[in-house]
1. For the range 94-126, what are the residues that are buried (at least 17 other Cβ atoms within 10 Å of the Cβ) and not in a helix (DSSP H, G or I)?
2. Checking the condition within 23 Å of residue 179 (Cα to Cα) and free of Cβ contacts under 8 Å to residues at least 60 places away in the same chain, which residue from 256, 246, 228 passes?
3. For the range 127-144, does any single residue satisfy the condition of being crowded, with 22+ Cβ neighbours inside 10 Å, modelled with pLDDT of 90 or more and in a helix (DSSP H, G or I)?
4. Failed condition for residue 211, given (1) surrounded by 12 or more Cβ atoms within 10 Å (Cβ to Cβ); (2) within 23 Å of the chain's Cα centre (by Cα); (3) modelled with pLDDT of 90 or more, with all others met?
5. Does the range 276-289 hold any residues that are free of Cβ contacts under 8 Å to residues at least 60 places away in the same chain and closer than 22 Å to residue 390 by Cβ, and which are they?
6. What residue, of 249, 191, 260, is touching a helix residue (DSSP H, G or I) at 6+ places or on another chain (Cβ under 9 Å), modelled with pLDDT of 90 or more and assigned to a helix (DSSP H, G or I)?
7. Out of all the residues in the range 283-293, which are more than 17 Å from residue 260 (Cα to Cα) and surrounded by 14 or more Cβ atoms within 10 Å (Cβ to Cβ)?
């Protein structure tokens, strides 16, 4: 593979430095009375040559001018001078993809292979929600209530304890999210890679193909957050050690720089997971591969990922909020609990009802997120390495080899 974005058909133009000497050319027209036929003085305008017509018929009119109502954004249809449309054996056309192509390809995969997609997403979502409910019920400490009548020192101590409990409560949820992302990413990568070339895959096929890569994918999934946390710690450490007002300013500047670095690193390594799954590479090689594919297209990859996460967030809020209100109403306190901040987040009714909403949102957002990631990876390889030729060959399209 190379890094050239495309290819050039040979023989399309004379080589540089050659004027065509020695190449046979048509003989110049002879004299009117000579043996050579005389060229007519009435020649068609350049670029509008028409084939000769049968005797007794006039010159046919030129083809109608292309309009914007036809296929190909105003180009004449295939069969005239326009290029043929790109092949589309699966859910996306085999050409550089637009944002619409990527989102449409992810949704089309969910719709076309809904049995396999729902089998994966619902299974993962149910396991995640059950584990999260049990963790919230039995592992998360009870929230600490800050007494407003206490002294400032007591209020500070209570606030610190409440923050510690919140961090402890986020631990099990974060571990569950990592596990869900691991399995859904591995299985959906296999499904979408087959869907691109028009080949369906069952849940068993996806599991057999993804299982040997799960340990490496787990290492990759843990390595990137650990690296981000280390960068943030290094950025904040000088200010924390200095202390005082100067330390606060230094911590703010260092934290801002570290945050920018983490965002840049996260986007640069965002294609490592599909690279590891589809190219059968190790963790470090997959990270380098992702950085190479994203290089030169960082802002585009960032924008598509940001828009995708925004759409997922809005969809999650639209679906989850009704379940939250229903859960609060079922708890017995009604909407006044939300206004007073006394929502019973550890009651069985609240956890079960919100868990049902989590299953619905997870079943639809897991394949969308994984689909965008895999299709972004395929798009970058098409742009940099002409992967569309290999995909067309793998799909068995005629004219691309075996």
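1. Once the filter is applied, which keeps residues that are buried (at least 17 other Cβ atoms within 10 Å of the Cβ) and not in a helix (DSSP H, G or I), the range 94-126 yields 94, 97, 113.
2. Details: 256 fails: within 23 Å of residue 179 (Cα to Cα); 246 fails: within 23 Å of residue 179 (Cα to Cα).
Going through 256, 246, 228 in turn, the sole match is 228.
3. No, the conditions are met nowhere in the range 127-144.
4. Only one criterion is unmet by residue 211, namely (1).
5. Taking the range 276-289 as the starting set, the residues that turn out to be free of Cβ contacts under 8 Å to residues at least 60 places away in the same chain are 279, 281, 284-285, 288-289.
Selection gives 279, 281, 285, 288, 289.
6. Numbers: 249 fails: modelled with pLDDT of 90 or more; 260 fails: touching a helix residue (DSSP H, G or I) at 6+ places or on another chain (Cβ under 9 Å).
So the residue among 249, 191, 260 that is touching a helix residue (DSSP H, G or I) at 6+ places or on another chain (Cβ under 9 Å), modelled with pLDDT of 90 or more and assigned to a helix (DSSP H, G or I) is 191.
7. Of the range 283-293, the ones more than 17 Å from residue 260 (Cα to Cα) are 283-290, 292-293.
Listed by number, the residues that qualify are 283, 285, 286, 287, 288, 289, 290, 292, 293.
The values are calculated or read from the model by the stated rules, or taken from the named source; none is laboratory data. A quick note: this is a predicted structure, and the numbers were derived from the prediction, not measured. As a convention, Cβ positions derive from the backbone with ideal geometry for all residues, glycine included, and neighbour counts pool all protein chains shown.
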